[in-house]
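J.: First the structure, then my questions, so here it is.
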Amino acid sequence: MGDMPIIDEAKCQRCGLCVSICVCGALVMEDNAVKVIQVENCGWCTMCELVCPNGAISCPFEIVVETTRD
Amino acid sequence: MAVNLDSLKSLPYFSGLSESVLLSVNQHVFEKKAERGEILVFEGEPAETLYFVVAGVVKVFKTSADGKEQIYRIIRPGDSFNDVPILADGVNLASAAAMSAVVLNGIKKKDLEAVSREYPQVALNIIKVLSLRVEELVSLVEDFSFRRVSGRVAKILLEHTGNGGGERPRLTQQEMAAMIGTAREMVGRSFRSLEEEGAIRIERNRIIIVNQEILKKIAGITG
């Protein structure tokens, strides 16, 4: 399973902006809390991280060096 | 016409106004709803309306000649967009689109002018809003002109590269921005620039350094 955006529940104010802009349906509001669902088509657009006014969502990048195959 | 008074008085444009003045202003304010993806303002068209976001998120963006979109601002509830061209008698400087279903409050240019003439507090509030915009833009200009943001992002990528084993460092764009003292948007822009220069490739949540020499050169690292 692929990595998904990470919610910091302590920072999340449940405003729902991230849920409203998520185009792949990975973020949903359940029981007055934002939940992340594993979906195949999350393209890591990072818009949820961008719109969150509280810095409660992280979309971290792994940084690697390309390995060449001879 | 007329919208919820509570949402109106929470806007910086109309803060500090008495109830009676708010009621008067409110006669000129209208509500507009839009679906995700709907274009709300087209770049280059005459600026006619100042908008406030009540619910949802709006992006202000420009599209380059080759079709690439650059987001300039994210407008959340309580914030406004299209301020400058409305007050400058100009055309829309950028386009704006709904990133989700949105509820907006709008006021026509001629009505805003009439209200600010009648109620000086509104004019003072406008000056404050514009001052904040200028501060944001000065910060952006500083990024463009004095700091080689792409070079600093390149340096961070080189310093935080996983070695193929053990725990690999993972960084958000916000964290990188904080590390080099710039705006998150500048980091995203640098990613695209570094990709175009052939230094990196982005595959979902992986930044792959495809040419370390180019990246080092951009980072100003010699040897």
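J.: Indicate, rounded to the nearest 5 percent, the antiparallel portion of the DSSP beta bridges found entirely in chain B.
T.: 100 percent
J.: So if we plug the beta-carbon distance of B:S193 and A:T67 into 1/(1 + (r/R0)^6) with R0 = 30 Å, what FRET efficiency do we get, rounded to 0.05?
T.: 0.80
J.: Quick one: Cα centre-to-centre distance for the range B:168-223 and the range B:63-124, in angstrom?
T.: Here the answer is 32 Å between Cα centres.
J.: DSSP loop (so not H, G, I, E, B), at most 16 other Cβ within 10 Å: list which trypsin sites (Lys or Arg not before Pro) in the range B:193-223 pass both filters.
T.: Filter output for the range B:193-223: B:R204.
J.: How far apart, in nm, are the 7 Å Cα→Cβ label points at B:A114 and A:N41?
T.: About 4.7 nm, to one decimal.
J.: Which value, in nm² and rounded to one decimal, describes the direction-averaged projected area of the C-alpha convex hull of the range B:76-223?
T.: For the Cα atoms of the range B:76-223, the hull's average projected area reads 12.3 nm².
J.: Classify the range B:24-103 as rounded, prolate or oblate, taking a ≥ b ≥ c as the square roots of the eigenvalues of its Cα gyration tensor: rounded when a/c is under 1.5, otherwise prolate if a/b is larger than b/c and oblate if not.
T.: oblate
J.: Cross-link partners among lysines for A:K11, C-alpha distance below 19 Å, same-chain residues fewer than 8 apart left out?
T.: Once the sequence-local lysines are set aside, what remains near A:K11 is A:K35.
J.: May I pose another question? Using 0.36 nm per residue of separation minus the Cα-Cα distance, give me the extension gain between B:E203 and B:V138 in nm, one decimal.
T.: Computed gain between B:E203 and B:V138 is 20.1 nm.
J.: Please give the average number of partner chain Cβ atoms lying within 10 Å of the Cβ of each residue in B:170-177, rounded to a whole number.
T.: Per-residue shielding by partner chains comes out at 6.
J.: Tell me what chain B gives for mean residue ellipticity at 222 nm when only DSSP H runs of n ≥ 4 count, each as -39,500 (n - 2.57), the sum divided by the residue total, rounded to 500 deg cm²/dmol.
T.: It lands at -12500 deg cm²/dmol.
J.: Moving on. Among the lysines, which have Cα under 22 Å from the Cα of B:K9 when same-chain residues fewer than 8 positions away are ignored?
T.: In chain and number order, the partners are B:K32, B:K33, B:K108, B:K109, B:K110, B:K128.
J.: Would you mind checking the tilt of helix B:120-145 against the longest principal axis of the Cα atoms of chain B, expressed as 0 to 90 degrees and rounded to 10?
T.: Taking the Cα atoms of chain B, the angle to B:120-145 is about 10 degrees.
J.: At 222 nm, what helix-only mean residue ellipticity would chain A give, in deg cm²/dmol to the nearest 500, using -39500 (n - 2.57) for each DSSP H run of four or more?
T.: -2500 deg cm²/dmol
J.: Using 7 Å Cα-to-Cβ label points, what is the B:K32/A:V23 separation (nm, one decimal)?
T.: So the two model labels end up 2.2 nm from each other.
J.: Let me ask you something else. Just the number, please: Stokes-Einstein D of the range A:1-47 in µm²/s, Kirkwood Rh from C-alpha pairs, 20 °C, 1.002 mPa s.
T.: 194 µm²/s
J.: Could you work out how much longer the chain between B:R148 and B:M179 gets when fully extended? Use 0.36 nm per residue separation minus the Cα distance between them, nm to one decimal.
T.: 9.8 nm
J.: Something else: Of B:V29, B:V21, B:V53, which has the largest mean-square fluctuation in a 10 Å C-alpha GNM of chain B?
T.: B:V21
No value in this document is a laboratory result; all are computed from the given coordinates. These numbers were taken from a predicted model, which means no experiment stands behind them. Heads up, the Cβs are rebuilt from the backbone with ideal geometry, glycines too, and the neighbour counts pull from every protein chain shown.
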